[in-house]
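Colleague: The following block contains the structure, expressed as structure tokens.
None of the figures in this text is laboratory data; all of them are computed from the coordinates on show. Note that the structure is predicted; figures quoted are calculated from it, not measured. Reconstructed Cβ throughout: ideal geometry from the backbone, glycine too, with neighbour counts over all protein chains shown.
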Amino acid sequence: MWKTILRRFLVMIPQLFILSLIVFIMAKQMPGDPFTGLITPETDANRIAELREEAGLNDPIVVQYYNWISGVVQGDLGKSYTYKRSVSSIIGERAYNTFLLSLLSAILVYLIAIPLGVLAGRYQNSFLDKSIVLYSFLSYAIPTFVLSLIFLFLFGYQFEWFPTSGTVDVSLEPGTMDYYWSKFYHILLPSITFALLGTTSIIQYLRTEIIDASGQDYVKTARSKGIPMRKVYSRHIFRNSLLPIAAFFGFTITGLLGGSIFIETVFGYPGMGQLFVQSIQSRDYSVITALVMLFGFLTLLGSLLSDIIMSIVDPRIRID
Amino acid sequence: MSFMQIKDLCVHYPIRGGFFNTVVDQVYAVDGITMEFDKGKTYGLVGESGCGKSTTGKAIIGLERITSGSIIYEGEEVTNQRRKRNSAYNRDVQMIFQDSHSSMNPRKRVSDILAEPIRNFTNMTPDEERRRINELLAIVGMPEDAKHKYPHEFSGGQRQRLGIARAVACNPKLIIADEPVSALDLSVQAQVLNFMQDIQDEYGLSYLFISHDLGVVKHMCDDIAIMYRGRFVERGTSKEIYADPRHIYTHRLLSAIPNIEPETRLERKVERLQVEKDYKDKQHNYYDENGKVHPLQPITDTHFVAMLNAEGGN
Amino acid sequence: MSGANELLEIKNLSTSFRIKDDFFPAVDDVSLTLKKNEILAIVGESGCGKSTLATSIVGLHNPNNTKVTGEINYKGKNLVTMTDEQFNNVRGADIGFIFQDPLSALNPLMKIEQQIEESLIYHTKLAKAERQARVLQLLEQVGIPNPPRVAQQFPHQLSGGMRQRVMIAIALACKPPIIIADEPTTALDVTIQAQILDLLKELQAETESGIILITHDLGVVAEVADRVAVMYAGQVIEEAPVVELFRNPKHPYTRSLLNSIPQMNSEGDKLNVIHGIVPSLKNLPRTGCRFSPRIPWIDRATHEDNPTLHEVAPDHFVRCTCWKTFHFEDEGGSVQ
């Protein structure tokens, strides 16, 4: 098992390398550079040119990539052009925010999706089932930013139930109960929005799995033992149906990261998603590349995590 | 003289493992099989699940990669070569599958299914093709309007006959039949078996009949090979195998077949238990220390058994 | 019910499936009795209703699209009219069930011990330790080597034969007087089949239980059955003690089937082929002899209008009167 995990990590290295190459080249192909935004009628063109030279933007792209990647190998992700700080420290503080948001979103996704999927599967073709399926299709069809904007407008501005931006009320003393409550309060609306939209695949999958499992021979065996239907569901059908969902868990990480880009931007939540959008706008190459690398790494990690979970919950699968 | 020879056919699958995913071991699915095919004869390949009988069939027709050994067809080496789509070998060796349902494209009509081999291997005009399809349907005893239907509109037995029609479309010399009747009911099975014999008599076909059912094999085959762990444990004419089985594994298989004589079932059980006991006690006579089957030794010109010190005679 | 030896009495049982808005009987007016200490084989080709009959006895049909009528009398109670909750006290405790494919019939995520233990939890008052002891004892009884090890394994770690032994252990767990085995050896190799059949027979003798063995294989019937019922198109068309059935088969269908078995001494001969195909559920003839379309050379007048079972010899029953004049097509003339 440990060997497999180590091997999977080693395989990630070339994958991430190719990813970084593609992203670096694509970022460089975008029109403009970090200093384009600084140009005003009063700026001295020579000064801009000097800055460009200093930042190494005039070197051939291969040299620029080499400079950057050799830093990365030594653990230095480079310096942000916009913030004039090291990329790792910027991402570090944002990553914590995104982690909190993603964690709550993931919890809510499973809290909503599992009961709905189970109910839809168990009472197949009933009114309840049809309503749940309708909901899951609706949530699939609505783009994230549309629902985010609607919720922000309704619950943030109209009813003023939730804060409309930020991570915490700045007037509060860090470490107090109120401070943590405020943090939670700030991520609640974005998380709910995200969770409502992220449940589709799990509901649909679980529903199909339950319907499928109910028709399996081992369920007939269980029935032939004279076990009450309720117990047949809880001991045999649910457990077997939840298996693929558990394995799905690793992949939800990818979905959460992708979703965070929209959610954080709309809700003005300073996480990695928002940072990503901002750095693209300001052509902050080192941040963009570092973020894509991080997202890529987390995605690969997610799929590894899924395989590991699978081997734990399903006795038929062994990683060695 | 046989038209086709198989020499030392092996199909091994690598087992990968270890840190660098290297080949750590091999699965000896087929491990050195030698056969010859004469015109108009039926060869039985019998064994329990996992013995390699299906893999053998697939390797011969080219659906499995042959690890070593050779297939010689009419004097020509045809092993694993990049045969042309319309080579004589591809045309002359055809296959019938166990599951007639999944071996036919559900979106194609019977006429298209039957036309496929004709188009691949011959240059018939559409008119000739149409006539040939009608002819084929007549051979397998189906009405002409069957060609406009889809596979799912037929019963299991009818579909299996269509599978045979497809296999005989280009006048093959050898048909590999992989458990052709295992999925069928008794009465339908009889139909298909009779029919296979009819077209054999008419066209001088040879069959390689792969099955786990010793009753069916006895009924159909002239020569029988019993397979176990990728090798033949015994080979001989049908009579030799059933009347004078030499290998302990053959004994074991034969004694396990249910017989439709309820009167003698107790005696048969006693005998079966004795054979089972012998099978456990005498392993070392018949298998080497790694559990592998010994090489075949001749007993008569046609009868071979895989054991050390096989006695000749009879 | 007559006789104290009778375990289960099936009387005029019909099981119909709904197709669109109509019900079609897959099992039509079947009456059978299972006695103590015997193996009753129900044999027939696919679609004859034998598996539906087995499922009806344990009440496992989906009530939404199935209609079961008639009686299944067990210990003075009619199983057909029981609610699902009442039935749960019978299933597992009084009737054990063995399925065809032991791999799919075992839960892949549960240890063997848990799966055998389950019926003990619901039908006995045994404590945990006693249940575990009983599981080991059962595994021993069905001939599994090293029971403590196997008890902690998962189904995929066992061979096909071992899995079927576990299935049998599950069925036997609460010592039910009745066991229903639905094609218990069809998925197994012949050598394993022989072992499992021997095991079933031994266990049956040991526990004096009654087994209903559902199979399509006449060879299996000849090996283990005491009595045989042959089914065709939802009906029992012949019922007889096993030797009688194989020596003096009467119904045209039974005779045709026996003649289509490729036997050890039939090489070269043509096997008997039955004309036409088994009618599908929707196309069942509702009146008259259901086998008559498949023996068209037999005079229609020899069939009964409403064929019933007739006792032609002690304990030997045949449906319809056509058997008296039946001959195979190529025999010509009456041979009976």
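Colleague: List the residues whose amide H sits under 5 Å from the amide H of C:HIS310, counting only those 5 or more places along or on another chain, with H placed 1.01 Å from N in the peptide plane.
Modeller: C:VAL318, C:ARG319, C:CYS320
Colleague: Continuing with the same structure: Taking amide hydrogens as modeled 1.01 Å from N in the peptide plane, which residues meet the under 5 Å criterion relative to B:LEU208, leaving out close sequence neighbours?
Modeller: Correct list: B:TYR43, B:ILE175, B:ILE176, B:ALA177.
Colleague: Inside 10 Å of the C-beta atoms of C:219-231, what's the mean count of C-beta atoms belonging to other chains?
Modeller: Details: counts 7, 2, 3, 9, 10, 4, 2, 1, 0, 1, 0, 0, 0.
For this peptide, the per-residue mean of nearby foreign Cβ atoms is 3.
Colleague: I want the antiparallel fraction of DSSP beta bridges within the range B:4-221, as a percent rounded to 5. Working shown, then result.
Modeller: Values: 19 of 33 bridges.
Looking only at bridges with both residues in the range B:4-221, the antiparallel portion is about 60 percent.
Colleague: Another question, then. About the Cα centre of the range C:231-336, what is the dipole size in debye to 20, counting +1 per Lys and Arg Cβ and -1 per Asp and Glu Cβ, all else neutral? Can you show the working numbers first?
Modeller: Values: 11 positive and 13 negative charges, 79 e Å.
Dipole about the Cα centre, nearest 20: 380 debye.
Colleague: Something else now. Can you give me the long-range amide H partners of B:TYR287? Hydrogens built in the peptide plane at 1.01 Å from N, cutoff under 5 Å, separation of 5 or more residues or another chain.
Modeller: Sorted by chain and number, the residues that satisfy this come to none at all.
Colleague: Moving on to the next point. Rounding to the nearest 10 and keeping the result within 0 to 90°, find how far the Cα-based axis of helix A:272-281 lies from the longest principal axis of chain A.
Modeller: Tilt of helix A:272-281: around 40 degrees.
Colleague: Further question on the same structure: Report the relative contact order of chain B, percent, no decimals, based on alpha-carbon pairs under 8 angstrom and at least 6 residues apart.
Modeller: On the way: 557 pairs, mean separation 61.5, N = 314.
Relative contact order here is 20 percent.
Colleague: For the range C:276-293, just list the computed ³J(HN,Hα) in residue order, Karplus coefficients 6.51, -1.76 and 1.60, θ = phi - 60°, integers in Hz, with x standing in for Gly and Pro.
Modeller: Karplus-based 3J(HN,Hα) across the range C:276-293 equals x, 10, 4, x, 6, 3, 6, 9, 4, x, 7, 10, x, 6, 5, 8, 4, x Hz.
Colleague: Mind pulling up the Rg/Rh value for chain C? Radius of gyration and Kirkwood radius, both on Cα. Provide the component values of the computation, followed by the final result.
Modeller: Numbers: Rg = 21.1 Å, Rh = 21.2 Å.
Here the Rg-to-Rh quotient is 0.99.
Colleague: Would you mind getting me the FRET efficiency between B:THR22 and B:GLU271? Use the beta-carbon distance for r and R0 = 51 Å, nearest 0.05. It would help to have the intermediate numbers written out before the result.
Modeller: Numbers: r = 49 Å, r/R0 = 0.95.
My answer for the efficiency is 0.55.
Colleague: Between their Cα atoms, which of C:LYS36/C:LYS128; C:LYS50/C:LYS250; B:LYS41/C:LYS50 are more than 28 Å away from each other? Please report the intermediate quantities before stating the final value.
Modeller: On the way: C:LYS36/C:LYS128 31 Å; C:LYS50/C:LYS250 20 Å; B:LYS41/C:LYS50 39 Å.
Pairs exceeding the cut-off: C:LYS36/C:LYS128; B:LYS41/C:LYS50.
Colleague: What is the gain in length, in nm to one decimal, between A:ILE280 and A:GLN29 on full extension, counting 0.36 nm per residue of separation less the C-alpha to C-alpha distance? Mind dumping the intermediate values first?
Modeller: On the way: separation 251, 0.36 × 251 = 90.36 nm, distance 1.20 nm.
Additional length available on full extension: 89.2 nm.
Colleague: Counting other C-beta atoms within 10 Å, which of C:PHE317, A:PHE276 has the fewest, and how do the rest follow? Kindly include the intermediate steps, with their values, before the conclusion.
Modeller: Details: C:PHE317 19, A:PHE276 25.
Going from least to most buried by this count: C:PHE317, A:PHE276.
Colleague: For chain B, report the % of Cα-Cα distances exceeding 29 Å.
Modeller: Working: 20567 of 49141 pairs.
Within chain B, distances greater than 29 Å cover 42 percent of Cα pairs.
Colleague: Right, next: Please work out the FRET efficiency for the pair A:TYR83 and A:ARG52, using the Cβ-Cβ distance as r and a Förster radius of 25 Å; give the result to the nearest 0.05. Don't jump to the answer; show the numbers that get you there.
Modeller: Working: r = 18 Å, r/R0 = 0.72.
Plugging the Cβ-Cβ distance into 1/(1 + (r/R0)^6) gives 0.90.
Colleague: May I pose another question? Which whole-number percentage describes the relative contact order of chain C, with Cα contacts under 8 Å and a sequence gap of 6 or more? List each step's numbers first, then the result.
Modeller: Details: 615 pairs, mean separation 64.9, N = 336.
In percent, rounded to a whole number, it is 19.
Colleague: Next up: Quick one: what are the phi-derived ³J(HN,Hα) couplings along the range B:209-221, Karplus 6.51/-1.76/1.60 with θ = phi - 60°, whole Hz, x for glycine and proline?
Modeller: 9, 9, 7, 9, 9, 5, x, 4, 5, 4, 5, 9, 9
Colleague: Which whole number gives the average count of other chain Cβ atoms within 10 Å of the Cβ atoms across peptide C:256-262? Numbers along the way, then the final one.
Modeller: Details: counts 3, 4, 2, 3, 9, 8, 13.
Averaged over the peptide's residues, the number is 6.
Colleague: Of all DSSP beta bridges located in the protein assembly as shown, what percent are antiparallel, nearest 5? Before the final figure, lay out each step's value.
Modeller: Values: 63 of 100 bridges.
Looking only at bridges with both residues in the protein assembly as shown, the antiparallel portion is about 65 percent.
Colleague: For the range C:235-331, what are Rg and Dmax over the alpha carbons, in angstrom?
Modeller: Cα radius of gyration and Dmax of the range C:235-331 are 13.9, 40 Å respectively.
Colleague: Angle between the Cα long axis of helix A:127-141 and the longest principal axis of chain A, 0 to 90 degrees, nearest 10?
Modeller: 10
Colleague: Roughly how many Å is it from the Cα centre of the range C:33-82 to that of the range B:136-162, as a whole number?
Modeller: Measuring centre to centre over Cα atoms gives 36 Å.
Colleague: Taking θ = phi - 60°, what integer Hz values does the Karplus form 6.51 cos²θ - 1.76 cosθ + 1.60 yield along the range A:92-99, in sequence order, with x for Gly and Pro?
Modeller: After applying 6.51 cos²θ - 1.76 cosθ + 1.60, I find x, 6, 6, 4, 4, 4, 5, 4 Hz.
Colleague: Still on this structure, please answer the following. Given that compact globular proteins tend to follow 2.2 N^0.38 Å, what is the ratio of the alpha-carbon Rg of the protein assembly as shown to that value?
Modeller: Values: Rg = 35.6 Å, N = 970, 2.2 N^0.38 = 30.0 Å.
This ratio for the protein assembly as shown stands at 1.18.
Colleague: Next question, about the same structure. So if I place +1 on the C-beta of Lys and Arg and -1 on the C-beta of Asp and Glu, and nothing else carries charge, what would the dipole magnitude of chain C be about its Cα centre? I want it in debye, nearest 20.
Modeller: Details: 32 positive and 41 negative charges, 154 e Å.
Around 740 debye, computed over chain C.
Colleague: Continuing with this model, one more query. Cross-chain or 8 or more residues apart, Cα under 27 Å: how many lysine pairs in chain A fit that? Count them up, please.
Modeller: Values: A:LYS28/A:LYS79; A:LYS28/A:LYS84; A:LYS130/A:LYS220; A:LYS130/A:LYS231; A:LYS220/A:LYS231.
Lysine pairs satisfying the spacing and distance rule in chain A number 5.
Colleague: Another question, then. How tilted is helix A:61-73 with respect to the longest principal axis of chain A? Cα atoms for both, answer in degrees (0 to 90, nearest 10).
Modeller: 60
Colleague: Taking the alpha-carbon centroid of each part, what is the distance from the range C:172-197 to the range A:230-253 in angstrom?
Modeller: 31
Colleague: Once label points are set 7 Å from the Cα along Cα→Cβ at both B:ASN80 and A:ILE142, what is their separation, rounded to one decimal in nm?
Modeller: 6.0
Colleague: Once both labels are modelled 7 Å past Cα along the beta-carbon direction, what's the B:ILE72-A:ILE22 spacing in nm?
Modeller: Those two pseudo-labels are separated by 5.3 nm.
Colleague: Which parts of the range B:212-233 would a label at B:THR264 reach, counting a residue when its backbone N lies under 18 Å from a point 7 Å out along Cα-to-Cβ?
Modeller: B:214-216, B:218-219
Colleague: By counting other Cβ atoms within 10 Å of each Cβ, how are B:LYS218, B:LYS108, C:LYS75, B:LYS53 ranked from fewest to most? Provide the component values of the computation, followed by the final result.
Modeller: On the way: B:LYS218 23, B:LYS108 14, C:LYS75 11, B:LYS53 27.
Going from least to most buried by this count: C:LYS75, B:LYS108, B:LYS218, B:LYS53.
Colleague: Related question: Specify which residue in the list B:GLN160, B:PHE20, B:TYR203 is farthest towards the positive end of the charge dipole of chain B, using unit charges on the beta carbon of Lys, Arg (+1) and Asp, Glu (-1), about the Cα centre.
Modeller: In chain B, that residue is B:PHE20.
Colleague: Return the whole-Å distance between the Cα centroid of the range C:201-272 and the Cα centroid of the range A:59-100.
Modeller: 79
Colleague: Projecting each Cα onto the charge dipole of the protein assembly as shown (Lys/Arg +1, Asp/Glu -1 at the beta carbon, about the Cα centre), which of B:ILE72, A:MET272, B:PHE232 comes out farthest on the positive side?
Modeller: So the residue furthest toward the plus end is A:MET272.
Colleague: Put one equal scatterer on each alpha carbon of the range B:207-246, apply the Debye formula with no solvent term, and list log10 I(q)/I(0) at q = 0.27 1/Å to two decimals.
Modeller: The Debye formula, applied to the Cα set alone, gives -1.00.
Colleague: Can I ask one more? How much FRET efficiency would the formula 1/(1 + (r/R0)^6) give for B:LYS282 and A:TRP2, where r is the Cβ-Cβ distance and R0 is 51 Å, rounded to 0.05? Spell out each step's value before the answer.
Modeller: Details: r = 45 Å, r/R0 = 0.88.
Calculated value: 0.70.
Colleague: From Cα pairs below 8 angstrom and at least 6 apart in sequence, can you work out the relative contact order of chain A, rounded to a whole percent? Numbers along the way, then the final one.
Modeller: Working: 348 pairs, mean separation 86.8, N = 320.
So the answer I get is 27 percent.
Colleague: Charges on Cβ only, +1 for Lys and Arg, -1 for Asp and Glu, centred on the Cα centroid of the protein assembly as shown; of B:CYS51, B:HIS101, A:ASN58, which one is farthest towards the dipole's positive end?
Modeller: A:ASN58
Colleague: In nm, to one decimal, how far is the modelled label at A:ARG318 from the one at C:ARG18, with both set 7 Å along Cα→Cβ?
Modeller: Distance between the two pseudo-spin positions: 4.8 nm.
Colleague: Please identify the DSSP H helices in chain B that span no less than 20 Å along the helix axis (Cα) and have a mean Kyte-Doolittle hydropathy of -0.5 or more. Kindly include the intermediate steps, with their values, before the conclusion.
Modeller: Details: long enough: B:186-203 (26 Å, -0.17); B:265-281 (24 Å, -1.85).
Span-like helices here: B:186-203.
Colleague: Now for a separate question. Which of C:HIS61, B:HIS247, B:HIS152 has the fewest other C-beta atoms within 10 Å, and how do the rest follow up to the most? Don't skip to the answer; put the middle values down first.
Modeller: On the way: C:HIS61 16, B:HIS247 25, B:HIS152 9.
Going from sparsest to densest Cβ surroundings: B:HIS152, C:HIS61, B:HIS247.
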